[in-house]
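Colleague: Would you mind keeping the following structure in view while I ask a few things?
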Amino acid sequence: MKDASEVRVVVSGRVQGVCFRAATREEAVRWGVCGFVRNLSDGRVEAVLQGDRESVERIVAFMREGPPGAYVEAADIEWRSPSEAWSGFIIRR
């Protein structure tokens, strides 16, 4: 992907059991962002997002708020050079 931006986002709070991964995937697909989202064993949710900067920033903004029923206490954001070329957006187990 030409001029791709990549970010790793880890959110904490009430973010599991509230459809956070599915809602993040829906937003990513809507904005053409590739990567993945998954639950972490410590109760947080992690995502790696890749796409054009504006679209990636939209998903980051969504993850700072979360879907209805979620409560995001913190969002750790790490912008970095793309690690690989992602195709599509998946929910990892």
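The values are calculated or read from the model by the stated rules, or taken from the named source; none is laboratory data. As the structure is a prediction and not an experimental result, all values here were calculated from the model. Here Cβ is always computed from backbone atoms with ideal geometry, including for glycine, and neighbour counts include all displayed protein chains.
Colleague: Would you please name the residue that is nearest to G88 (Cα to Cα), looking only at residues in the stretch 20-46 that are touching a residue at least 40 places away in the same chain (Cβ under 8 Å) and among the small types (G, A, S)?
Modeller: G35
Colleague: For residues in the stretch 25-38 being touching a helix residue (DSSP H, G or I) at 6+ places or on another chain (Cβ under 6 Å) and assigned to a helix (DSSP H, G or I), which is surrounded by the fewest Cβ atoms within 10 Å (Cβ to Cβ)?
Modeller: Here the answer is W31.
Colleague: Checking the condition surrounded by fewer than 18 Cβ atoms within 10 Å (Cβ to Cβ), more than 23 Å from Q16 (Cβ to Cβ) and either modelled with pLDDT under 95 or not aromatic (F, W, Y) (or both), which residue from R92, R80 passes?
Modeller: When all the criteria are applied, what remains is R80.
Colleague: Please tell me if A61 is loosely packed, with under 15 Cβ neighbours inside 10 Å, out of contact with any Cys (no Cβ under 7 Å at 6 or more places or on another chain), part of a helix (DSSP H, G or I) and not charged (D, E, K, R).
Modeller: Details: loosely packed, with under 15 Cβ neighbours inside 10 Å: yes; out of contact with any Cys (no Cβ under 7 Å at 6 or more places or on another chain): yes; part of a helix (DSSP H, G or I): yes; not charged (D, E, K, R): yes.
Judged against the criteria, A61 is a match.
Colleague: Here is a further query. Does A22 count as part of a strand (DSSP E or B) and at pLDDT 95 or above?
Modeller: No: the conditions fail for A22.
Colleague: A follow-up question, please. Looking at the stretch 3-18, which of the residues that are assigned to a loop (DSSP other than H, G, I, E, B) and in contact with an Asp or Glu (Cβ under 9 Å, 6 or more places away or on another chain) is surrounded by the most Cβ atoms within 10 Å (Cβ to Cβ)?
Modeller: Selected residue: V15.
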